[in-house]
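Student: My questions will all concern the structure given below.
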Amino acid sequence: MSNGHGCCKTGPGYASPLEAMSGPRESLIYVTAVYSGTGIEKPDYLATVDVDPNSPTYSKVIHRLPVPYLGDELHHTGWNSCSSCHGDPSAQRRFLIVPALVSGRVYVIDVKTNPKAPSLHKVVDPADIIEKTGLAYPHTSHCLASGEIMISCLGDKDGNAEGNGFLLLDSEFNVKGRWEKPGHSPQYGYDFWYQPRHNTMISTSWGAPRAFTKGFNLEHLSEGLYGKHLHVYDWPGGELRQTLDLGDSGLLPLEIRFLHDPAKDTGFVGSALTSNMIRFFKNQDGSWSHEVSISVKPLKVQNWILPEMPGLITDFLISLDDRFLYFVNWLHGDIRQYNIEDVKNPKLTGQVWVGGLIQKGSPIVAVTDDGETWQAEVPEIQGKKLRAGPQMIQLSLDGKRLYATNSLFSTWDKQFYPDLVKQGSHIIQIDVDTEKGGLKINPNFFVDFGTEPHGPSLAHEMRYPGGDCTSDIWI
């Protein structure tokens with residue numbers, strides 16, 4: 001496949017990450033909205049949100065597409081085709097791939113026919129997936145340059161991590177089988193990213209579904225039901241070449257991203273529980289290594305379940321020009337911006353508090369080394385108190401607007417932020433200074449999922465119709 005640098009008709013997306021930065025401003029966001037696990041007996045849905053500031057329905061949900069079943073837990077989303085297919089003029093970014101983490105269904109949603117009112121195109125039956133592959137608990141979806149779709153699955157039908165691996169669907173969304181070679185499945189599953197010019201895919205480790213679906217239990221950690229490894233695969237061959245043990249500094253490595261420049265052989269992974277950003281990189285001999293790049297120290301706290309509270313880095317992303325890295329601390333409540341132009345020495349350039357367990361008004365207080373107590377100042381937006389902590393984030397193509405939701409996973413939401421399930425999620429937007437660095441809340445934008453027609457829902461991952469910095473991969 002060509003890389004699409006010609007001047008003739010091309011496929012979806014952009015020829016390069018830098019070209020994507022000059023793409024059109026986002027006007028819509030698709031976000032998964034969840035009723036599963038909340039006590040509201042309604043199906044989860046895909047919400048379409050108007051993010052065009054010149055529109056009369058700016059900052060509002062303008063369409064809801066409920067799925068046909070209950071109890072799915074819609075979570076992450078991907079595309080049938082993205083910039084990895086830019087060199088194929090016959091490819092179209094038409095379908096949003098929406099795996100249901102708990103039920104195991106994979107929904108295929110048509111967002112091209114009517115972008116403001118998506119429609120259901122197909123449902124991939126979990127029984128078919130299990131029969132042909134043994135896989136369940138589907139999570140991250142990426143399109144391949146071949147037109148196939150690859151989805152990481154976190155376990156078998158009984159929730160055991162040993163059954164995890166990678167599902168392949170063909171371009172018509174039929175189950176093809178597993179991507180990895182027999183005997184080359186990872187220890188745990190979660191996220192993955194591939195960098196074809198280095199013939200490498202790397203996947204991460206959450207834990208066994210039979211553990212994490214019940215909420216977080218520290219005993220499960222000591223019982224070995226959570227992961228701390230990166231799995232380095234031959235791409236596209238599917239052979240497991242190396243397993244990196246991140247040790248105690250890398251517990252629960254969740255989201256992973258290579259730098260967007262397809263020539264680069266380095267990237268980052270967010271270790272949620274130990275709250276470290278870990279950089280991985282290729283050695284001269286072709287093997288891979290890792291180092292802790294940024295550490296968020298746990299806070300000493302009072303009136304919480306533990307004496308120390310981790311930040312819990314649950315999501316991060318990298319701007320398309322590979323200049324800035326952004327991550328969230330779901331429990332502490334802040335979003336951070338780091339300059340990574342010197343990739344070995346990230347520099348903190350922006351930080352904003354948008355929620356968290358230690359915000360003013362909470363019974364939980366942080367304690368300094370001197371014994372002083374403090375709480376974070378979290379502003380209201382449009383008279384609304386910000387709930388829970390920042391969780392999934394999405395960045396505009398030009399890097400100037402960062403959007404954030406606040407639901408992690410319904411059982412974990414109930415455990416750490418019980419009020420979130422009663423009050424519902426929200427989406428906020430942060431204005432970004434891309435010259436000097438800096439983050440500032442946009443007071444004109446607030447999408448309240450607490451006022452939804454069927455009751456408060458939990459909002460998770462966001463996508464723009466034309467792709468973004470967490471969906472598109474360049475080859």
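Student: Being under 26 Å from Leu259 (Cα atoms) and open to solvent by 10 Å² or more (accessible area, probe 1.4 Å) is the filter here; which residues of the range 436-460 pass it?
Tutor: Lys436, Gly437, Gly438, Leu439, Lys440
Student: Cβ-Cβ distance below 9 Å, separation of 6 or more or different chains: which pairs start in the range 327-350 with a residue that is on the phi > 0 side of the Ramachandran plot and end on one that is open to solvent by 10 Å² or more (accessible area, probe 1.4 Å) and outside any loop (DSSP other than H, G, I, E, B)?
Tutor: Gly333/Trp353; Gly333/Gln359
Student: Still on this structure: Within the range 25-38, is even one residue within 23 Å of Leu259 (Cα to Cα) and either in contact with a Lys or Arg (Cβ under 8 Å, 6 or more places away or on another chain) or surrounded by 14 or more Cβ atoms within 10 Å (Cβ to Cβ) (or both)?
Tutor: Yes, the range 25-38 contains a residue that is within 23 Å of Leu259 (Cα to Cα) and either in contact with a Lys or Arg (Cβ under 8 Å, 6 or more places away or on another chain) or surrounded by 14 or more Cβ atoms within 10 Å (Cβ to Cβ) (or both).
Student: Still on this structure: Which residue, of Leu168, Leu154, is outside any loop (DSSP other than H, G, I, E, B) and open to solvent by 10 Å² or more (accessible area, probe 1.4 Å)?
Tutor: Leu168
Student: Right, Leu317: part of a loop (DSSP other than H, G, I, E, B), surrounded by 14 or more Cβ atoms within 10 Å (Cβ to Cβ) and at pLDDT 95 or above or not?
Tutor: Judged against the criteria, Leu317 is not a match.
Student: Determine whether Ser205 is open to solvent by 30 Å² or more (accessible area, probe 1.4 Å), at pLDDT 95 or above and among the polar types (S, T, N, Q).
Tutor: Answer is no for this residue.
Student: Can you pull out every residue in the range 409-433 that is out of contact with any Phe, Trp or Tyr (no Cβ under 7 Å at 6 or more places or on another chain) and closer than 28 Å to Asn54 by Cβ?
Tutor: Listed by number, the residues that qualify are Ile430, Asp431, Val432, Asp433.
Student: Another question, then. Picking from Glu223, Glu255, Glu219, which residue would you name as being closer than 29 Å to Asp413 by Cα and under 18 Å from the mean Cα position of the chain (by Cα)?
Tutor: Criteria check complete, one pass: Glu255.
Student: Go over the candidates Gly355, Gly267, Gly311 one by one and state the one that is under 23 Å from Leu18 (Cα atoms), open to solvent by less than 10 Å² (accessible area, probe 1.4 Å) and either touching a residue at least 12 places away in the same chain (Cβ under 8 Å) or assigned to a strand (DSSP E or B) (or both).
Tutor: Unique residue meeting the criteria: Gly267.
Student: On to the next question. Just the residues that are open to solvent by 10 Å² or more (accessible area, probe 1.4 Å) and in contact with a Gly (Cβ under 9 Å, 6 or more places away or on another chain), please, taken from the range 321-339.
Tutor: Asp321, Arg323, Arg336, Tyr338, Asn339
Student: Could I ask something else about it? Please enumerate the residues belonging to the range 66-106 that are in contact with a Cys (Cβ under 7 Å, 6 or more places away or on another chain) and either open to solvent by 10 Å² or more (accessible area, probe 1.4 Å) or assigned to a loop (DSSP other than H, G, I, E, B) (or both).
Tutor: Asn80, Ser81, Cys82, Ala91, Arg93
One line per residue, one yes/no per condition, for (1) open to solvent by 50 Å² or more (accessible area, probe 1.4 Å); (2) in a loop (DSSP other than H, G, I, E, B):
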{"residue": "Tyr190", "(1), (2)": "no, yes"}
{"residue": "Trp193", "(1), (2)": "no, no"}
{"residue": "Met201", "(1), (2)": "no, no"}
{"residue": "Glu219", "(1), (2)": "yes, no"}
{"residue": "Gly224", "(1), (2)": "no, yes"}
{"residue": "His231", "(1), (2)": "no, no"}
{"residue": "Leu273", "(1), (2)": "no, yes"}
{"residue": "Phe280", "(1), (2)": "no, no"}
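Student: Shifting gears a bit: For the range 77-131, give me each residue that is acidic (Asp, Glu) and closer than 29 Å to Gln195 by Cα.
Tutor: Hits for the range 77-131 are Asp88, Asp110.
Student: Confirm whether Glu372 is touching a Phe, Trp or Tyr at 6+ places or on another chain (Cβ under 8 Å), without any contact (Cβ under 8 Å) to a residue 40 or more places away in the chain and open to solvent by 30 Å² or more (accessible area, probe 1.4 Å).
Tutor: Against the criterion (touching a Phe, Trp or Tyr at 6+ places or on another chain (Cβ under 8 Å), without any contact (Cβ under 8 Å) to a residue 40 or more places away in the chain and open to solvent by 30 Å² or more (accessible area, probe 1.4 Å)), Glu372 does not qualify.
Student: Next question, about the same structure. Which of the residues belonging to the range 358-387 are aliphatic (A, V, I, L, M) and over 21 Å from Asp448 (Cβ atoms)?
Tutor: Ile358, Ile364, Val365, Ala366, Val367, Ala376
Student: Does any residue of the range 173-181 turn out to be part of a helix (DSSP H, G or I), basic (Lys, Arg), open to solvent by 30 Å² or more (accessible area, probe 1.4 Å) and over 15 Å from Gly237 (Cα atoms)?
Tutor: Looking through the range 173-181, none of the residues is part of a helix (DSSP H, G or I), basic (Lys, Arg), open to solvent by 30 Å² or more (accessible area, probe 1.4 Å) and over 15 Å from Gly237 (Cα atoms).
Student: Could you tell me which numbered condition Asn303 fails, if it satisfies all but one of (1) open to solvent by less than 50 Å² (accessible area, probe 1.4 Å); (2) within 26 Å of Pro390 (Cα to Cα)?
Tutor: All conditions pass for Asn303, except number (1).
Student: Here's another thing I want to ask about it. Go over the candidates Gln415, Gln429, Gln423 one by one and state the one that is of a type outside the set (Asp, Glu) and open to solvent by less than 10 Å² (accessible area, probe 1.4 Å).
Tutor: Among Gln415, Gln429, Gln423, only Gln429 is of a type outside the set (Asp, Glu) and open to solvent by less than 10 Å² (accessible area, probe 1.4 Å).
Student: Additional query: Select, from Ile130, Ile109, Ile149, Ile97, the only residue that is more than 15 Å from Thr77 (Cα to Cα), of a type outside the set (D, E, K, R) and at pLDDT 95 or above.
Tutor: When all the criteria are applied, what remains is Ile130.
Student: A follow-up question, please. Every residue in the range 114-142 that is open to solvent by 20 Å² or more (accessible area, probe 1.4 Å), in contact (Cβ under 8 Å) with a residue 12 or more places away in the chain and in a loop (DSSP other than H, G, I, E, B), please.
Tutor: Pro115, Lys116, Ala117, Asp125, Gly134
Student: Would you call Asp285 more than 23 Å from the chain's Cα centre (by Cα) and either modelled with pLDDT under 95 or among the acidic types (Asp, Glu) (or both)?
Tutor: Here the answer is yes, as Asp285 does meet what is asked.
Student: Kindly provide the set of residues from the range 282-300 that are assigned to a strand (DSSP E or B) and surrounded by 15 or more Cβ atoms within 10 Å (Cβ to Cβ), ordered by number.
Tutor: Correct list: Lys282, Trp288, His290, Val292, Ser293, Ile294, Leu299, Lys300.
Student: Shifting gears a bit: Filter the range 362-382 for residues that are part of a strand (DSSP E or B) and not aliphatic (A, V, I, L, M); which is nearest to the chain's Cα centre (by Cα)?
Tutor: Trp374
The values are calculated or read from the model by the stated rules, or taken from the named source; none is laboratory data. All of these numbers come straight from a predicted model, not from anything done at the bench. Glycine gets a Cβ as well: all are built from the backbone with ideal geometry, and neighbour counts include every protein chain shown. Ligands, DNA and RNA are stripped out before the accessible areas are found, and what is left, the full protein with its side chains, is counted by its heavy atoms. Shrake-Rupley method; radii C 1.70, N 1.55, O 1.52, S 1.80 Å.
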